[in-house]
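To start, the structure under review is shown below, and the notes come after it.
Please treat every number below as a calculation from the coordinates, not as lab data. What you are looking at is a predicted structure, and each value in this text was computed from that prediction instead of being measured. Cβ: placed from backbone, ideal geometry, glycine included. Neighbour counts: every protein chain shown.
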Amino acid sequence: MSEQARDPEKLLLWLEWTVIRRLDGLLHGDYRSLFRGFGVDLADLREYQIHDDVRHIDWNVTARLQTPYVRVYNEDRDVTAWFLLDLSPSVSFGSERVQKRSVAIEFVTVLARLLSRHGNPVGALFYGERVDTVIPARGGRRHVLHILGRMLSRPERQRSAATNLKDLLQTGRQVIPRRSLVFLVSDFISAPGWEAPLALLARRHEIVAVRLYDPLEMELPDLGLQIFQDAETGELEWVDTHDRGFRKRFVEAAGRRETALRSAFGDAGVDALELSTTDDLVDAILRFADLRRRRRQLSAGGSLPQHLGGTHGVPMA
C-alpha cells in the first residue's frame, strides 16, 4: 500500500477529489436515492390512492369506513448508518494489484463521508477474529477520518479458525440502538449459520449486503501446477489448474456458492451490491443509487389489492 493510502487525511482527500467530486456531478444532487430517512411520526389519514404503499393501509379505519385508508407519515430526513465490516484474512485476497480489503475500506470511507456531509451520523463495527472494534455513530468529517484511521491501522493477520459472520451480525443487533441503514461489507466466506441472524437484523434495520469478490474466485485460468493457500486457515495445497475437470468443478462450486448467497439475501429481504476488485468505485456507488431508487419506486408503486377492489397485483420490495 502506498504512503498516501496509509495516511487517513491524504486518502480521504484523494477520495473526495476523485470519487465524491465525480459523484456530485453524476448524481446531480439526488442524494435522496441514497439516504432516505425512516418516517416514524403519524401525520394524517387519507383515502387510498393508486400507487400508495399498501403496507401503510390502516386496516381498522378501512374496516370501519368500508373504504381503504392509508397512514401518512412525516418522513424523518435523517438516517443513522452503520458499517459492519468484515476484515478477516480472506478479505486480504486480490489476484491483481487490488485487494478486497482495499475496496472495502474505500467504499466505507466514501459512503461514510457522503452520509456525514449530509448531516447523518455513521458508526462502525469491525470483525477480525471476533468483533474487536465498535465505533459509536457520530457525524462530521473528523469522525470519518477516525473510522478510516482505525481501518488503515489494523494489521493483516493469519488465523487458524474460519470466519463466523454470525458473531458480527449478533453484535450488530446488540449494539445498534435504533432503526438504521446498515451496510454489511464482507466477502461472505464464512462458517455457516449467519443467514438466520441476518434475517433477524433485517427485521429491525434496512440492510445492504455489500459482497466483495475477486474474479479469480469465480473461475480459474490454466496456470499449471500452483500452490494455493487457504486465506482463513493458512493451509497450503498443490493444485493442478491444468486439469480441465478440476477447473470445471471449481466453477460449479463457485456457482453453488453464488446461488446460496442470493437465496440467503432474498430470504432475509436485504438488498445486495456486488463489489469486485476490478470495479470502478464510482460505478459501484451509482449502481447502489439505482438499487435504492428502484427499491423506493417498488415500495411506493403497489396498487390496490384485488380483495379491496383493485385490478392489479402488488409488487412488494
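Odds and ends about this structure:
- Projecting label points 7 angstrom from Cα along Cα→Cβ for ARG294 and VAL134 puts them 3.6 nm apart.
- Extension gain from ARG262 to ASP7, taking 0.36 nm per residue of separation minus the Cα-Cα distance: 88.2 nm
- Rounded FRET efficiency, nearest 0.05, which uses the C-beta distance separating TRP59 from TRP17 and R0 of 30 Å: 0.05
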